[in-house]
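The values are calculated or read from the model by the stated rules, or taken from the named source; none is laboratory data. Fair warning: this is a prediction, and the values are worked out from it, not measured in the lab. Here the Cβ positions follow ideal geometry from the backbone for every residue, glycine too, while neighbour counts run over all protein chains shown. Areas reflect the complete protein model, heavy atoms only, side chains present, ligands, DNA and RNA absent. Shrake-Rupley method; radii C 1.70, N 1.55, O 1.52, S 1.80 Å.
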Amino acid sequence: QLDELTDSLRSLLTTDNDAVEGGELDLNAELMTARQSRLESIAEREAELGKATILQTQIADRGKMLSSLEKQPYWFNYLAAFTGSVASTLVMHPVDTIKTRLQVKRADDDSLDDDNFMSLYEGLDGNILKEGPPSALYLGVYESVKYSLLPLFGPHNVLLVYLLSGAAGEMVGSIIRAPAEAIKSTVQSGMASSASEAAAQVFGTPESRANVLRAWQASIWRDVPFGAMQLAIFELIKAYILNNENIDFDSSTLLAEALIGAFAGGVGAFLTNPFDIITTRIITQTVEEDEEG
């Protein structure tokens, strides 16, 4: 009986040893899997750390830039906006001339068939007056209103702050833009040969001055929504890029801001284009009536 008990114990021990050896193999496999998983996790952490480092550098660079901008005198915002607006106007004025001629084109109008490229720069002085000073006021008022409203509305209502600030800036800028646009559009449409002649037509009679007022009222429906949407979209896109760690794009560079600004302006212009056509036709309609009279 003792031998039988011994054999039984040996059999159980052998079974236990086999189980232990199998468990060690399973344990080694689990360790290898855990080690591989840990290596993958480390690689992911390193990638996340790299992105975080880049993001931290971008935030630090932007902080330095904003700090240096805050040291600039307050009038620098107006000068920068004026300079940028004049530069963009010089580049885009031919496109604006084509747009204006298309908006007021009549069946017998062959102004678009003019092969003289320089004719596309007609009304440039009026366009600079239309874009330069109003843009300076627009950005200056926008910055002032934005920094005044942010403490009141808090970080959770930044979109509303951007919309209100942009709308306020455009409302002030439109006071100068409306009469300058009347002069510019009159020259571009071929209804006046110079800015001085256009100014005489636009402001020469009580009826024409009243028409400028009507054009300004129509332009409010274009400029205020455009100004609100343009800067709101611009600010939101930059904030989204900055706060999204999966986007590897430096939105603080000059090229990036130009691309984002162009997209934001394009969206705003597309949505407000009907009111732009109405404003242009109100302006040129009076000139036509004055010529007939």
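Applying the selection to region 183-203, what residues are of a type outside the set (Gly, Ala, Ser), assigned to a helix (DSSP H, G or I) and closer than 19 Å to Thr279 by Cβ?
Ile183, Lys184, Thr186, Val187, Gln188, Gln201, Val202, Phe203
Does region 213-263 hold any residues that are in contact with a helix residue (DSSP H, G or I) (Cβ under 6 Å, 6 or more places away or on another chain), at pLDDT below 85, over 27 Å from Pro179 (Cα atoms) and of a type outside the set (D, E, K, R), and which are they?
Hits for region 213-263 are Ile247, Phe249, Ser251, Ser252.
Checking Ala192 against (1) open to solvent by 20 Å² or more (accessible area, probe 1.4 Å); (2) more than 24 Å from Thr83 (Cα to Cα), only one condition comes out false. Which one?
Ala192 satisfies every listed condition except (1).
Could you run through region 106-146 and say how many residues are at pLDDT below 80, of a type outside the set (Gly, Ala, Ser) and assigned to a loop (DSSP other than H, G, I, E, B)?
7
Go through region 244-262 and give me each residue that's open to solvent by 60 Å² or more (accessible area, probe 1.4 Å) and of a type in the set (D, E, K, R).
Glu245, Asp248
What is the number of the single condition among (1) more than 17 Å from Gln230 (Cβ to Cβ); (2) at pLDDT 85 or above that Thr186 does not meet?
Just one mismatch for Thr186, condition (2).
Of the residues that sit in region 35-94 and are loosely packed, with under 11 Cβ neighbours inside 10 Å and not in a helix (DSSP H, G or I), which one is modelled with the highest pLDDT?
So the residue we want is Pro73.
Quick one: what pairs do we get from region 143-164, first residue charged (D, E, K, R), second surrounded by 11 or more Cβ atoms within 10 Å (Cβ to Cβ), C-beta under 8 Å, 6+ apart or different chains?
These pairs meet every condition: Glu143/Asn77; Glu143/Ser165; Lys146/Val161; Lys146/Tyr162; Lys146/Ser165.
Determine, yes or no, whether Trp216 is in contact with a Ser or Thr (Cβ under 7 Å, 6 or more places away or on another chain), open to solvent by 60 Å² or more (accessible area, probe 1.4 Å) and either part of a helix (DSSP H, G or I) or of a type in the set (Gly, Ala, Ser) (or both).
Yes: the conditions hold for Trp216.
When region 153-166 is examined, which residues are found to be hydrophobic (A, V, I, L, M, F, W, C) and under 14 Å from Glu143 (Cβ atoms)?
Selection gives Val161, Leu164.
Looking at region 147-177 only, could you name the residues that are open to solvent by less than 40 Å² (accessible area, probe 1.4 Å) and assigned to a helix (DSSP H, G or I)? Give the steps one after another, and end with the answer.
Of all residues in region 147-177, those open to solvent by less than 40 Å² (accessible area, probe 1.4 Å) come to 149, 154, 161-162, 165-170, 173-174, 177.
Those that are open to solvent by less than 40 Å² (accessible area, probe 1.4 Å) and assigned to a helix (DSSP H, G or I): Leu149, Val161, Tyr162, Ser165, Gly166, Ala167, Ala168, Gly169, Glu170, Gly173, Ser174, Arg177.
Has region 236-243 got at least one residue that is within 25 Å of Leu150 (Cβ to Cβ), touching a Ser or Thr at 6+ places or on another chain (Cβ under 7 Å) and surrounded by 20 or more Cβ atoms within 10 Å (Cβ to Cβ)? Break it down stepwise before answering.
Of region 236-243, the ones within 25 Å of Leu150 (Cβ to Cβ) are 236-243.
Still in the running and touching a Ser or Thr at 6+ places or on another chain (Cβ under 7 Å): 238, 241-242.
Still in the list and also surrounded by 20 or more Cβ atoms within 10 Å (Cβ to Cβ): none.
No: region 236-243 contains no residue that is within 25 Å of Leu150 (Cβ to Cβ), touching a Ser or Thr at 6+ places or on another chain (Cβ under 7 Å) and surrounded by 20 or more Cβ atoms within 10 Å (Cβ to Cβ).
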